[in-house]
1. Return only the number of the condition from (1) modelled with pLDDT under 95; (2) of a type in the set (S, T, N, Q); (3) more than 28 Å from K84 (Cα to Cα) that S116 does not satisfy.
2. Step by step: first the residues of the range 202-211, then only those that are loosely packed, with under 13 Cβ neighbours inside 10 Å and of a type outside the set (A, V, I, L, M), then the one that is farthest from D158 (Cα to Cα). Which residue is that?
3. Return yes when N146 is over 30 Å from L56 (Cβ atoms), in contact (Cβ under 8 Å) with a residue 24 or more places away in the chain and surrounded by fewer than 18 Cβ atoms within 10 Å (Cβ to Cβ) and no when it is not.
4. With respect to N51, is the statement that it is polar (S, T, N, Q), in contact with a Leu (Cβ under 9 Å, 6 or more places away or on another chain) and outside the structural domain of E144 (by TED's automatic domain parsing) true?
5. All but one of (1) more than 30 Å from K155 (Cα to Cα); (2) of a type in the set (K, R); (3) touching a residue at least 24 places away in the same chain (Cβ under 8 Å) hold for K97; which doesn't?
6. Can you tell me which residue among I114, I156, I109, I104 is in contact (Cβ under 8 Å) with a residue 24 or more places away in the chain and within 30 Å of E35 (Cβ to Cβ)?
7. Mind listing just one residue for me: the one in the range 164-201 that is closer than 16 Å to Q150 by Cβ and of a type in the set (V, I, T) and, of those, surrounded by the most Cβ atoms within 10 Å (Cβ to Cβ)?
8. Sort out which residues of the range 137-174 are farther than 18 Å from F197 by Cα, in contact with a strand residue (DSSP E or B) (Cβ under 9 Å, 6 or more places away or on another chain) and β-branched (V, I, T), and write them in order of number.
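The values are calculated or read from the model by the stated rules, or taken from the named source; none is laboratory data. Everything quoted here is computed from the prediction, not taken from an experiment. Don't worry about glycine lacking a Cβ; one is built from the backbone with ideal geometry, like all the others, and counts go over all protein chains shown.
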Amino acid sequence: MNLILQILLSVFLLSNNNVIDNYLKDHLKDFKRYEYEIPKNYTEKIFPDENREFKLEKNYAYMPVNFILNNGEKKQGIVTLKVKLYDDVLVSIRDIKKNEELSISDFQIEEKEITSLRSEPILDFGNIDKYRMRISVSSNTVIETNMIEQIPDIKIGDNLNAVFNKGVVSISFSAVARAEGIIGDIIKIRTDDKKIFKAEIINFNTVKIVE
């Protein structure tokens, strides 16, 4: 009897493992590859529940399922899986300092584990030369979206042409940037007579007074 129970249990475990494997192939297909562990052996037959949401949080995946109990009753539940996720991502090949403008030559594409990253990794070179580092990073660092920012169109101290429009009246005057930003940002500027205004960045040397 014990042998029969062991055989039945092995069949259930193998069947459940196949169900989980097929489910993850579908829901983790955006990653280059992955590894997973099942912390607990489930003796009940399981079926994926596609009416509920699959969740991925750091190194754990939560698979919604229906358990088929020994008496045939169906019960909703969650199968918790420990996962490692891998993808081809942008990796620094040298130390890069904060605010340093970036170049394609600073990086290479490598397969890395990305399970515990704080933000989304950058997957390709894209327009990387239009960005700079928000923080300092060392060589062999996976570059995440929260580590970079667009190079400002206007920087602190830049000489600007400020435009003030009211009705049909338009006035232009010189000013100096007191903050940095990209097109569309609102920054503070200072006029030659030391007055402070808020202005919208129009291009690399022109701003429009808004306040």
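1. If we test S116 against (1) modelled with pLDDT under 95; (2) of a type in the set (S, T, N, Q); (3) more than 28 Å from K84 (Cα to Cα), just (3) comes out false.
2. Among those residues, the one meeting the criterion is E211.
3. no
4. no
5. Just one mismatch for K97, condition (1).
6. Answer to the selection: I114.
7. This residue is I201.
8. V137, T141, V142, I143, T145, I148, I151
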